[in-house]
Amino acid sequence: MSRTARLSLDRLSVVDFDAMWSIHADPLTNEFNPAGPLTSRMDAQRQFGEWLGHWHEHGFGYWTVRDDEGVVGFCGIRFSRWNDGQQNERTVLNLSYRFTPSAWGKGYATEAAGAAVGLWRDEHSAHPIIAYTTPGNLGSQRTALKVGLERRPDLDRVTGEALGDDVVFALGWA
């Protein structure tokens, strides 16, 4: 378990599944997600299992983020393949942050993502860290910049879908 000034960043546990399902199935938290919200518990269980597996294999991953009231979101870093099978393919650490709408506007995403970037700097900087979002998700873009990631238009991916383009932020990309 880690702490920030206001948050507890806990190793993911099976008891966190319902909170993950609630947050990731909420249409508001997925407004800018091209895949949309999770729509089946089976898909959520598969994704959650991948997150738990990452923790088991690597000893770090996405945290369950709690304030004094309980679970407010999920944030952290985990290994991922960037541009799988394409130009610039490589292993990266994906920085993810998703919070319940009641936690928005409190700086929680910046606080937790800053801790994740700190973990990357201290222990995992052999691989680049990236955060990517869609063009309209200005809040997520501001968070990436606030925690020190750099805007990398050379890494943007254009899919041609309304929300599908990726706006990329990274550190350690050589």
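From 114, 136, 107, grab the single residue that is closer than 24 Å to residue 19 by Cα, small (Gly, Ala, Ser), surrounded by 14 or more Cβ atoms within 10 Å (Cβ to Cβ) and in contact (Cβ under 8 Å) with a residue 60 or more places away in the chain.
114
When region 32-67 is examined, which residues are found to be more than 14 Å from the chain's Cα centre (by Cα), more than 14 Å from residue 97 (Cα to Cα) and in contact (Cβ under 8 Å) with a residue 40 or more places away in the chain?
Matches in region 32-67: 34, 52, 55, 67.
Is it fair to say residue 159 is at pLDDT below 95, in contact with an Asp or Glu (Cβ under 9 Å, 6 or more places away or on another chain) and closer than 20 Å to residue 28 by Cβ?
The answer is no for residue 159.
The values are calculated or read from the model by the stated rules, or taken from the named source; none is laboratory data. It should be emphasised that the depicted structure is a prediction, and the values quoted were computed from it without experimental measurement. We place every Cβ from the backbone using ideal geometry, glycine too, and count neighbours over all the protein chains shown.
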